[in-house]
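K.L.:
Sharing a structure with you now.
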Amino acid sequence: MRKRVVLSAIVAMFLVSVSSAWALEELVESVVKGCEKELTSYCSNVTPGDGRVLACLYAHSDKLSGQCEYALYDAAVQLERFVAALSYVANECDADLDKFCSGVAVGEGRLLECLDKNSSKISKRCTQALKDVSEE
């Protein structure tokens with residue numbers, strides 16, 4: 001069970017790191033705080049980056065405290081919600097993104113900014129999806 005929770009957190013963090021650096025930063029802080037003891041005890045010599053710290057926690061998953069397990073589980077749940085919201089908006093706004101934002105580079109909120117700039121022209125489905133996600 002512990003390895004499953006840690007693995008879920010690792011997969012979710014990878015997915016979001018590709019999608020949104022700001023969301024990842026907040027979740028990483030939460031995991032660092034919740035797993036401070038484990039990071040100090042087991043992973044202090046690990047060079048951060050490319051998922052090495054999470055791999056270290058996974059390797060020591062049988063020794064994680066309840067607090068650390070919860071921090072990883074909570075991060076995984078939040079990331080899953082973020083990815084679901086991102087997928088929902090991408091599906092509902094696909095045609096609008098093609099029509100109004102095809103020349104916009106992905107990342108750093110540029111696509112969302114483009115949709116916002118074109119808010120009077122985008123479809124009702126896209127408008128509703130953006131509203132639904134912003135209320136979460």
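No lab work stands behind these numbers, since they all come straight from the coordinates. Just so it is clear, the structure is predicted and the values come from calculations on it, not from any experiment. Glycine gets a Cβ as well: all are built from the backbone with ideal geometry, and neighbour counts include every protein chain shown.
K.L.:
Which lysines does LYS121 reach when only Cα atoms under 24 Å apart count, and residues fewer than 8 places away in its own chain are ignored?
P.N.:
Within the straight-line limit of under 24 Å, LYS121 reaches these lysines: LYS99, LYS131.
K.L.:
While we're looking at this one, here's another question. Would you list which lysines come within 26 Å of LYS33, measuring only between C-alpha atoms, while excluding same-chain residues fewer than 8 positions from it?
P.N.:
Candidates past the 8-residue exclusion: LYS3, LYS63.
K.L.:
Could you give the length gained by full extension between ARG81 and LYS131, i.e. 0.36 nm per residue of separation minus their alpha carbon distance, to one decimal place?
P.N.:
Working it through step by step, the gained length comes to 16.4 nm.
K.L.:
Moving on to the next point. Treating only the Cα positions of region 25-136 as identical point scatterers, give the base-10 log of I(q)/I(0) from the Debye formula at each q in 0.15 Å⁻¹.
P.N.:
Cα-only, vacuum Debye calculation for region 25-136: -0.74.
K.L.:
Counting other Cβ atoms within 10 Å, which trypsin sites (Lys or Arg not before Pro) in region 43-136 have at most 15 and lie in a DSSP loop?
P.N.:
Of the trypsin sites (Lys or Arg not before Pro), the ones in loops of region 43-136 whose Cβ has at most 15 other Cβ atoms within 10 Å are LYS121.
K.L.:
Can you tell me the Rg and the Dmax, both Å, for the Cα atoms in region 93-136?
P.N.:
Here Rg and the maximum Cα pair distance are 9.9, 29 Å.
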